[in-house]
Amino acid sequence: MSFDFASRLAARHAENLYRQRPLLESPQGPEVEVDGRPMLAFCSNDYLGLANHPEVIAAMRQGAERWGAGGGASHLVIGHSGPHHDLELALAEFTGRPRALLFSTGYMANLGAVTALLGKGDTVLEDRLNHASLLDAGLLSGARFSRYLHNDAVSLASRLEKAEGNTLVVTDGVFSMDGDLAELPAICAAAKAKGAWVMVDDAHGFGPLGAHGGGIVEHFGLGLDDVPVLVGTLGKAFGTAGAFVAGSEELIETLIQFARPYIYTTSQPPAVACATLKSLELLQRESWRREHLVKLIQRFREGAAEIGLTLMDSPTPIQPILIGDSARAMQLSALLKARGILVGAIRPPTVPAGSARLRVTFSAAHSEEQLESLLTALAECWAELPPEDAADA
């Protein structure tokens with residue numbers, strides 16, 4: 001038996017789907033050095049510009065001096081340090097829930113929550129455009145797995161009619177490749193009518209959304225009864241690393257007992273939790289960051305419309321430019337890169353076939369001048385891009 005790696009890799013190249021890792025040689029920020037070149041970046045999820053904030057860096061440095069470099073063990077052995085505990089208390093207060101539980105990554109939080117809550121004989125219903133970690137969690141849970149049409153409460157309701165056992169409805173809060181919001185009030189109403197629970201992964205909503213940065217649940221004015229399981233990641237708007245699940249006392253205790261990715265993983269370095277406590281403080285205190293983001297998003301959408309670009313229905317810092325063909329998306333990204341602008345081309349299987357796009361993301365650290373530089377470069381590059389028919393030929 002032998003694995004035919006070469007043909008699989010060659011096929012990726014032929015389909016314009018081969019992925020390469022850019023080498024970042026500077027801290028996160030609008031102006032970065034990538035692969036030895038200075039670039040203006042519009043592809044980071046550092047939505048509030050906190051990843052390189054001096055106060056966050058100082059908190060992490062002080063945390064390392066006090067608590068050392070590593071977590072040392074899993075939370076249930078001897079890896080649950082004071083900063084982890086303090087951060088869980090702060091996240092519970094921030095989300096308005098009784099408890100919160102730290103995970104080392106968002107992927108693990110989703111995997112841990114779904115697989116701890118469901119098993120054989122139960123049902124998990126997921127939005128078709130959910131993040132890969134949510135889809136994997138549903139499949140690995142052993143529950144009956146079904147996907148409803150994107151953001152379609154009617155489609156969800158029809159699947160709820162056939163649900164068996166404990167039923168969990170799972171959706172992203174902000175869909176990471178489209179930037180649109182989950183129709184959460186309608187989804188929660190459909191679930192509640194059938195006695196199902198709702199789990200929301202608000203990885204991209206915490207920080208930019210809500211009057212106080214509390215994400216999509218705050219945005220829609222929903223509570224614990226509407227969304228019993230709320231997941232957030234800390235590597236995006238919080239600017240650090242890790243993730244959390246927030247919910248009832250009973251939910252969190254259940255995850256501590258049964259969530260295998262939590263039980264069998266070393267805790268994150270305590271210094272990271274110290275940094276996150278500071279970023280959470282800044283996220284809540286400095287509302288100008290959200291206000292500035294709103295202005296950048298509005299101006300970008302106006303400018304993109306003037307150029308003739310096709311945008312998706314997104315009010316968030318995620319502003320995809322729909323291209324369609326993977327080769328054309330790669331070409332447009334390359335033309336921008338030649339002008340010193342870094343925007344990633346997103347292709348299948350990350351997005352559906354025929355919907356390749358450039359995923360523009362904004363940060364509160366971007367200036368209005370940098371936004372105008374992006375729009376100018378987009379106008380020039382769009383004019384240079386061969387027509388779609390030529391790309392297909």
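May I ask you to verify whether ARG347 is touching a Ser or Thr at 6+ places or on another chain (Cβ under 6 Å) and either more than 17 Å from ILE323 (Cα to Cα) or open to solvent by less than 30 Å² (accessible area, probe 1.4 Å) (or both)? Outline the logic, then answer.
On the way: touching a Ser or Thr at 6+ places or on another chain (Cβ under 6 Å): yes; either more than 17 Å from ILE323 (Cα to Cα) or open to solvent by less than 30 Å² (accessible area, probe 1.4 Å) (or both): yes.
It is true that ARG347 is touching a Ser or Thr at 6+ places or on another chain (Cβ under 6 Å) and either more than 17 Å from ILE323 (Cα to Cα) or open to solvent by less than 30 Å² (accessible area, probe 1.4 Å) (or both).
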Residues of the range 153-185 being under 20 Å from THR316 (Cα atoms), in contact with a helix residue (DSSP H, G or I) (Cβ under 9 Å, 6 or more places away or on another chain) and open to solvent by 10 Å² or more (accessible area, probe 1.4 Å), in sequence order, are LEU181, GLU183, PRO185
Inside the range 355-371, the number of residues satisfying the requirement of being under 17 Å from LEU311 (Cβ atoms) and open to solvent by 40 Å² or more (accessible area, probe 1.4 Å) is 0
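Given the criterion in a helix (DSSP H, G or I), surrounded by fewer than 15 Cβ atoms within 10 Å (Cβ to Cβ) and at pLDDT below 95, identify the matching residue among ALA58, ALA6.
On the way: ALA58 fails: at pLDDT below 95.
Of the residues listed, the single one that is in a helix (DSSP H, G or I), surrounded by fewer than 15 Cβ atoms within 10 Å (Cβ to Cβ) and at pLDDT below 95 is ALA6.
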Residue pairs within 6 Å by beta carbon, gap of at least six or interchain, first lying in the range 50-62 and at negative phi, second open to solvent by 30 Å² or more (accessible area, probe 1.4 Å), listed first then second, are ALA51/GLN28; ASN52/PRO27; ASN52/GLN28; GLU55/LYS278; VAL56/LYS278; ALA59/LYS278
Counted residues in the range 24-50 being touching a Pro at 6+ places or on another chain (Cβ under 7 Å), of a type in the set (Gly, Ala, Ser) and open to solvent by 30 Å² or more (accessible area, probe 1.4 Å) come to 0
Only one of GLY71, GLY29, GLY49 is at pLDDT 95 or above, touching a strand residue (DSSP E or B) at 6+ places or on another chain (Cβ under 6 Å) and not in a helix (DSSP H, G or I), namely GLY71
If we ask which residues in the range 98-144 are more than 17 Å from THR254 (Cβ to Cβ) and buried (at least 18 other Cβ atoms within 10 Å of the Cβ), their number turns out to be 16
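Based on what the data block shows, is ALA305 open to solvent by 30 Å² or more (accessible area, probe 1.4 Å), more than 20 Å from ASN45 (Cβ to Cβ), small (Gly, Ala, Ser) and at pLDDT below 95? Explain how you work it out, then say what you get.
Values: open to solvent by 30 Å² or more (accessible area, probe 1.4 Å): yes; more than 20 Å from ASN45 (Cβ to Cβ): yes; small (Gly, Ala, Ser): yes; at pLDDT below 95: no.
No: the conditions fail for ALA305.
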Note on LEU181: of the conditions (1) in contact with a His (Cβ under 9 Å, 6 or more places away or on another chain); (2) within 18 Å of LEU160 (Cα to Cα), unmet is (2)
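What number of residues within the range 83-97 satisfy the criterion of being of a type in the set (A, V, I, L, M, F, W, C) and surrounded by fewer than 17 Cβ atoms within 10 Å (Cβ to Cβ)? Give the steps one after another, and end with the answer.
Of all residues in the range 83-97, those of a type in the set (A, V, I, L, M, F, W, C) come to 87, 89-92, 94.
This time we only want the ones that are surrounded by fewer than 17 Cβ atoms within 10 Å (Cβ to Cβ), so: 89.
Summing the residues that are of a type in the set (A, V, I, L, M, F, W, C) and surrounded by fewer than 17 Cβ atoms within 10 Å (Cβ to Cβ) in the range 83-97 gives 1.
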When the range 316-333 is checked residue by residue, the ones that are open to solvent by less than 20 Å² (accessible area, probe 1.4 Å), closer than 19 Å to GLY179 by Cα and not hydroxyl-bearing (Ser, Thr, Tyr) are PRO317, ILE318, GLN319, PRO320, ILE321, ILE323, GLY324, ALA329
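The values are calculated or read from the model by the stated rules, or taken from the named source; none is laboratory data. Source: prediction; values computed, not measured. Glycine also receives a Cβ, built like all others from the backbone with ideal geometry; neighbour counts cover every protein chain displayed. Remember, those area values only see protein heavy atoms, side chains included, never the ligands or the DNA or RNA. Shrake-Rupley method; radii C 1.70, N 1.55, O 1.52, S 1.80 Å.
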